[in-house]
Every structure is written in C-alpha cells, then in structure tokens.
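Written out below as structure tokens is the structure these notes cover.
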Amino acid sequence: MFIIKINITLKDSVLDPQGQTVLRTLHDQGKENITDVRVGKYIEVKVKTEDQSIAEKHAKELCESILVNQVIETFRYSVEKL
C-alpha cells in the first residue's frame, strides 16, 4: 500500500486573497519581515497496490483529472510506501 501526498497551490500569477488576508494579519501582529503568503490545499490518498509505478500513475491522473484546476493551480506530489 502507498500513500500519495498532494500539495496544490495557486499559480504565482493568480491573486491569492486568502494568502493576502493572512499576510495582513501577520503584519498587524508586527511580523513585517514576512513578505508573501500563499494558501493551498493538502490531500492524502491511500492506494492499495504493491507497485509504486501504479501509485504514481494514479497520483498524476487524480491531479490532472479532478483535483487540480490547471488553469489557475499547480501541484506536486510524493508517493510513499506504507
């Protein structure tokens, strides 16, 4: 069995209102040295297989077909044996 760990974030060219809200809050707390915040999503998927290449194929297919809006988001993933 493998676990797929997926991180999804907005592309750099896309405005991140949640990130800007967090940044303003941090600045209000005196943390002026923080210059940017991007908020994203983290997803874990367990795959019942003993073949890592199959788990990696599932990871890519999940991201490209349903989890990620590739117009505005980017993704990266790792596949780890459980």
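The list (1) 13.9; (2) 14.4; (3) 13.4 gives values of Kirkwood radius over Cα pairs in Å, and only one came from this structure; which label was calculated from it?
Computed from the coordinates, Kirkwood radius over Cα pairs in Å corresponds to (2).
With contacts defined as alpha carbon pairs under 8 Å and 6 or more residues apart, what's the relative contact order of the chain in percent?
Details: 116 pairs, mean separation 43.6, N = 82.
Relative contact order, the chain: 53 percent.
Give me the net charge for the shell around Lys57: Cβ to Cβ below 12 angstrom, other residues only, Lys and Arg +1, Asp and Glu -1.
Details: positive: Lys60; negative: Asp51, Glu56, Glu61, Glu64.
That works out to -3.
Mind giving me the FRET efficiency for Ser78 and Val37? R0 is 25 Å, r the Cβ-Cβ distance, nearest 0.05 is fine.
On the way: r = 23 Å, r/R0 = 0.91.
It comes to 0.65.
Could you list the GluC sites (Glu not before Pro) in segment 36-82 that lie in coil according to DSSP, counting only those with at most 10 other Cβ atoms within 10 Å of their Cβ?
Numbers: sites: Glu44, Glu50, Glu56, Glu61, Glu64, Glu73, Glu80; in loops: Glu50.
Answer by residue number: Glu50.
Every read-out reported here was derived from the displayed coordinates using simple, explicitly stated rules and does not represent laboratory data. Only a predicted model underlies this, so the values are computations on that prediction, with no experimental measurement involved. We place every Cβ from the backbone using ideal geometry, glycine too, and count neighbours over all the protein chains shown.
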